[in-house]
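Asks: What follows is a single structure, and I will ask about it in a moment.
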Amino acid sequence: MAEDYLRQLYRNGLDYYAGLAAHQPGFEEVKARYGRCARKIRSRLTQKQVVWLKSLIDAQYEMECIHCETAFAEGFRLCARLTGELNARAVTARDAASG
C-alpha cells in the first residue's frame, strides 16, 4: 500500500523529464546534444537498425524511470524515518523536561 502512494507521488508531479530537470543548468545543452547524436546515428542506419535503436532507447528510458522512482521512494522512506526519529527525540526531551 505504501508503495502505491509513493508511486502516485512520484508519477503525479516528479517526472524529471516532464519539467524538473528542464530547469537544471546544462539540461537544454545535453538534450540538444542527445538529439544531434540520435539524428546522426539514425541517418546512417537501415530501417531495421532504427527499430532496434528505438527499442534500445525505450528500454534504457524505462530502466532510468524505474531507477528514479526507486531512488525517490527510498529518499522518501529515509525522510519519514528521520522525521519519526526527530519526533521521538522531541517527545523524550519534552517528557524529561517536564518530569
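Asks: Could you please let me know if residue 49 is modelled with pLDDT of 90 or more and either under 12 Å from the mean Cα position of the chain (by Cα) or surrounded by 12 or more Cβ atoms within 10 Å (Cβ to Cβ) (or both)?
Replies: Yes: the conditions hold for residue 49.
Asks: Mind checking which pairs have a first residue in segment 17-29 that is on the phi < 0 side of the Ramachandran plot and a second that is at pLDDT below 70 and not in a loop (DSSP other than H, G, I, E, B), Cβ under 9 Å, 6 or more apart or different chains?
Replies: 22/16; 24/16
Asks: Same structure again: I need a count of the residues in segment 34-46 that are modelled with pLDDT of 95 or more, of a type outside the set (Lys, Arg) and open to solvent by 100 Å² or more (accessible area, probe 1.4 Å).
Replies: Number satisfying all stated conditions: 0.
The values are calculated or read from the model by the stated rules, or taken from the named source; none is laboratory data. Remember, it's a predicted structure, so these values are computed and weren't measured experimentally. Neighbour counts are summed over all protein chains in view; Cβ atoms, including those assigned to glycine, are modelled from backbone coordinates with ideal geometry. SASA here: full protein model, heavy atoms, side chains in, ligands and nucleic acids out. Shrake-Rupley method; radii C 1.70, N 1.55, O 1.52, S 1.80 Å.
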